[in-house]
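Here's the structure we're looking at; comments come further down.
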């Protein structure tokens with residue numbers, strides 16, 4: 001499985017050969033370093049831990065990982081890739097860069113969506129709200145009835161106001177439009193969760 005870590009840069013447009021504009025997102029991806037190999041015999045599951053980014057100040061447990069970095073600095077992010085079987089390809093210290101992907105590849109991207117704080121039902125669930133006339137007062141954005149009569153409780157799962165955003169979101173079937181290996185950037189079709197600078201997991 002192809003895997004790399006990256007950061008969201010910004011949204012843009014991509015013009016195809018026919019001159020049609022498509023929404024696209026610019027990502028900076030890799031290089032990442034394999035910092036630890038986990039096996040089922042020792043760790044109860046198979047996985048590869050990757051380090052990404054640079055961090056000048058590191059604590060003592062991370063100093064050993066910093067030796068694996070090409071620049072001998074600490075990693076800002078550490079993420080694991082779970083494996084179904086044993087790993088026979090990647091070893092500790094191996095570097096994975098953006099060249100593992102090609103233009104036209106289908107990928108899936110996972111990240112944390114923007115946090116929007118405490119929101120009402122209109123913004124959070126798309127409720128229409130109450131009527132503006134016919135005896136109503138201050139009910140434009142109210143949720144309306146929240147329970148059946150006589151039950152004396154609100155059922156679980158009822159759509160109500162609450163915290164919105166900051167959820168892990170995975171977008172599948174995105175297409176790699178362009179790759180710049182020198183600057184470690186790729187242009188991906190469609191929208192990707194998060195703000196500028198959000199850490200993303202990119203799988204092929």
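Okay, here's what the table says:
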| read-out | value |
| --- | --- |
| Condition met for residue 1 (in contact (Cβ under 8 Å) with a residue 40 or more places away in the chain and assigned to a loop (DSSP other than H, G, I, E, B)) | yes |
| Subset tally (residues that are in contact with a helix residue (DSSP H, G or I) (Cβ under 8 Å, 6 or more places away or on another chain) and farther than 10 Å from residue 25 by Cβ) for the range 186-204 | 1 |
| Residue pairs meeting the criteria (Cβ under 8 Å; at least 6 apart or on separate chains; first under 14 Å from residue 3 (Cα atoms), in the range 84-97; second modelled with pLDDT under 80) | 95/70; 96/30; 97/30 |
| Some residue of the range 156-165 being within 30 Å of residue 105 (Cα to Cα) and either at pLDDT 90 or above or within 33 Å of the chain's Cα centre (by Cα) (or both) | yes |
| Tally of residues being in a loop (DSSP other than H, G, I, E, B) and surrounded by 12 or more Cβ atoms within 10 Å (Cβ to Cβ) across the range 111-145 | 12 |
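The values are calculated or read from the model by the stated rules, or taken from the named source; none is laboratory data. This is a predicted model, so every value here is computed, not measured. FYI the Cβ positions are ideal-geometry reconstructions off the backbone, even for glycines, and counts take in every protein chain you see.
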